[in-house]
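Some notes on the structure that comes next.
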Amino acid sequence: MFRELLGGLRTTMREMVSPPITIQYPEEQRPIPPRHRGRHILHRYDNGLEKCIGCELCAGVCPARCIYVRGADNDPEAPVSPGERFGFVYEINYLRCIHCDLCVEACPTEAITESKMFEFSFTSREDAIYTKAELVVDEEGHPRRTPFEDWRDEDEEDTSGWVRATASSGDPNFEGVAGWSGELGHGVRLPERGQSDISEDEMTAMFPLREILADRIARKIGGKVW
């Protein structure tokens, strides 16, 4: 019985003499995955005009119904966006947001993306509703940071990079062409691996889908690969 007892405590005793692996948060923080979906950002074009045109597609596709958008007509003398309309009201309720990123995929002007910043908390329900004042980037293209957010330097480097696809319908003729408009303060953000002709990729460690699946789906039948 004593031997069986020691056998049951083997794992406990081994861990007692092992070095701790606990991360001393918040002084030490784990690296954030390149495709992490955090707090949303509303971008501007290189000339300072807002990308949002108030089309409400992001609100319509949101499964949690956490986005509210109301558009308004642009003043021809002082337009807010390059289109006929702009996002007059833009609100995101983070008590309901599930960070699915469907709003990013639905946006026709690439106005909304998600940063890597996820460390933010609220002391009231009102603080959890982000308005356009907090979401739109400043005059230099950087996200506006609220007092209850813990931003890291790299949190805004790659906002929703995974969604910057090179072509619709997977047309191979567009491989190496990044279809992404310029952003204030960042220019044209670099594509992911497999979306450009750069051998040493600049964003993530993702490989082209055709290379990943080649060995898995290729079947050699009668000397031919199907």
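The values are calculated or read from the model by the stated rules, or taken from the named source; none is laboratory data. Keep in mind the model is a prediction, meaning the values are calculated, not measured. Cβ: placed from backbone, ideal geometry, glycine included. Neighbour counts: every protein chain shown. To get the accessible areas, we keep the full protein, side chains included, count just its heavy atoms, and leave off ligands, DNA and RNA. Shrake-Rupley method; radii C 1.70, N 1.55, O 1.52, S 1.80 Å.
How long is the gain from ASP150 to SER18 if the chain were fully straight, where each residue apart is worth 0.36 nm and the alpha carbon distance is subtracted? Please report the intermediate quantities before stating the final value.
Details: separation 132, 0.36 × 132 = 47.52 nm, distance 3.21 nm.
Extending this stretch completely gives an extra 44.3 nm.
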Subject >> Residues of the range 24-137: accessible area per residue with a 1.4 Å probe, Å² >> reply: 53 Å²
Original post:
At a probe size of 1.4 Å, how large is the accessible area of VAL80, to the nearest 10 Å²?
Top reply: 40 Å²
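What is the extension gain from GLU27 to MET1, computed as 0.36 nm multiplied by their sequence separation minus the C-alpha to C-alpha distance, in nm to one decimal?
Computed gain between GLU27 and MET1 is 4.8 nm.
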Subject >> From the C-alpha gyration tensor of the range 1-63, square roots of 5λ in Å >> reply: 55, 18, 7
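Filter the trypsin sites (Lys or Arg not before Pro) in the range 74-118 to those in DSSP coil with at most 15 other Cβ atoms within 10 Å of their Cβ, and list the result.
Details: sites: ARG85, ARG96, LYS116; in loops: ARG96, LYS116.
Loop-located and lightly packed - ARG96.
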**OP:** Would you mind telling me the share, in percent, of accessible area of the range 1-90 contributed by carbon and sulfur at probe 1.4 angstrom?
**Re:** 58 percent
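Starting from the exponent 0.38 and prefactor 2.2 Å, build the expected Rg for the range 54-134 from its residue count and divide its actual Cα Rg by it. If you can, show how the numbers build up before the last one.
Values: Rg = 13.5 Å, N = 81, 2.2 N^0.38 = 11.7 Å.
That ratio works out to 1.16.
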**OP:** Please give the contour-minus-distance gain from GLU139 to SER181: 0.36 nm per residue of separation, less the Cα-Cα distance, rounded to one decimal in nm.
**Re:** 13.4 nm
